[in-house]
Structure formats: structure tokens, C-alpha cells
Amino acid sequence: MKSRIRRENGKIYLDKVVVNLSPYGLNARNSAVVSRMCGHYNRDIAFEKNGNRGNGKSILDLMTLEADFGSVIDIIITGDDSGARTFAHKLLKGMKSEKNLYAASSEYYRKTHP
């Protein structure tokens with residue numbers, strides 16, 4: 001299953017993102033890194049799994065999605081500018097492994113906080 005990025009109505013949708021972060025998926029540590037990364041972005045970011053939606057900036061919301069290893073989620077980012085597209089690509093790359101997540105988070109932070 002391949003993830004895809006689509007733009008619609010001023011939003012960017014990351015469809016069918018497979019969570020490959022660790023054997024535990026979006027556990028507390030990974031949720032903290034994802035929420036911190038989303039927190040640096042000044043738009044709304046929602047994560048959705050099986051009809052349940054959570055705020056990407058909230059560790060608790062991410063954990064309540066129960067996104068285990070191999071789970072398929074959708075991510076909705078408000079905004080359709082170049083910054084939103086760049087963030088979408090970083091987030092998509094980060095969801096492939098813990099190593100990628102930490103690298104993407106650090107890289108994004110350095111770029112947004114010179």
C-alpha cells in the first residue's frame with residue numbers, strides 16, 4: 001500500500017500512511033516527538049484512524065488513536081502553501097521509522113528556528 005499526498009479545499013491530505021515507527025507504533029515517546037514536530041507548525045494537523053480523529057499537537061490524542069505498528073492512518077494538514085507541502089513530506093518521511101522520525105523532527109526544528 002502506497003501513501004499518497006493530495007491537495008483539496010486548501011488542505012493537504014496524506015492518505016494511507018503506514019505507521020512503522022516501532023513495534024509499539026505511536027507510543028508515548030513517538031507521540032511526543034510527532035506532537036512536538038506538529039507544534040512547531042502554525043496550522044491545524046489532524047490524524048485519523050478508523051473514523052477517530054486526533055489533534056496532531058496533542059500527545060494524548062495521538063496515543064488514543066491506538067496506531068500500532070503497521071496501522072494505516074490519514075493525516076490532514078490545513079494549508080496549501082509551500083510550507084505545508086514541505087511539512088507534509090517531512091512528516092510522511094518521519095512516519096517510516098523511529099530513526100527517520102527523530103531525524104525529520106530535528107531537521108524541521110533547525111529550519112524553523114534559526
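The values are calculated or read from the model by the stated rules, or taken from the named source; none is laboratory data. All values derive from a computational prediction rather than experimental measurement. Glycine gets a Cβ as well: all are built from the backbone with ideal geometry, and neighbour counts include every protein chain shown.
Residues in the stretch 64-82: is at least one modelled with pLDDT under 80 and assigned to a helix (DSSP H, G or I)? Among the residues of the stretch 64-82, at least one is modelled with pLDDT under 80 and assigned to a helix (DSSP H, G or I), which makes the answer yes. In the stretch 39-71, of all residues being closer than 12 Å to Asn27 by Cβ and in contact with a helix residue (DSSP H, G or I) (Cβ under 8 Å, 6 or more places away or on another chain), the one that is surrounded by the fewest Cβ atoms within 10 Å (Cβ to Cβ) corresponds to Met63.
Just need a number here: residues in the stretch 28-72 that are over 15 Å from Leu91 (Cα atoms), among the small types (Gly, Ala, Ser) and touching a strand residue (DSSP E or B) at 6+ places or on another chain (Cβ under 7 Å). Residues meeting the conditions: 4.
If you take the residues in the stretch 28-59 that are small (Gly, Ala, Ser) and in a strand (DSSP E or B), which one is farthest from Ile77 (Cα to Cα)?
Among those that are small (Gly, Ala, Ser) and in a strand (DSSP E or B), it is Gly54.
Within the stretch 1-40, restricting attention to residues that are touching a residue at least 60 places away in the same chain (Cβ under 8 Å) and hydroxyl-bearing (Ser, Thr, Tyr), the residue that is nearest to Arg85 (Cα to Cα) is Tyr13.
The set of residues in the stretch 62-88 that are without any contact (Cβ under 8 Å) to a residue 60 or more places away in the chain, under 24 Å from Arg7 (Cβ atoms) and not polar (S, T, N, Q) comprises Leu62, Leu65, Ala67, Ile73, Asp81, Gly83, Phe87.
Against the test of being in contact with a helix residue (DSSP H, G or I) (Cβ under 7 Å, 6 or more places away or on another chain) and at pLDDT 80 or above, the options Val33, Val17 yield a single qualifying residue, Val33. Inside the stretch 4-27, can you point out the residues that are touching a strand residue (DSSP E or B) at 6+ places or on another chain (Cβ under 9 Å) and either over 11 Å from Ile75 (Cβ atoms) or surrounded by fewer than 11 Cβ atoms within 10 Å (Cβ to Cβ) (or both)? Of everything in the stretch 4-27, those that are touching a strand residue (DSSP E or B) at 6+ places or on another chain (Cβ under 9 Å) and either over 11 Å from Ile75 (Cβ atoms) or surrounded by fewer than 11 Cβ atoms within 10 Å (Cβ to Cβ) (or both) turn out to be Arg4, Arg6, Arg7, Gly10, Val18, Leu26. Against the numbered list (1) within 13 Å of the chain's Cα centre (by Cα); (2) at pLDDT 85 or above, Asn52 comes up short only at (1).
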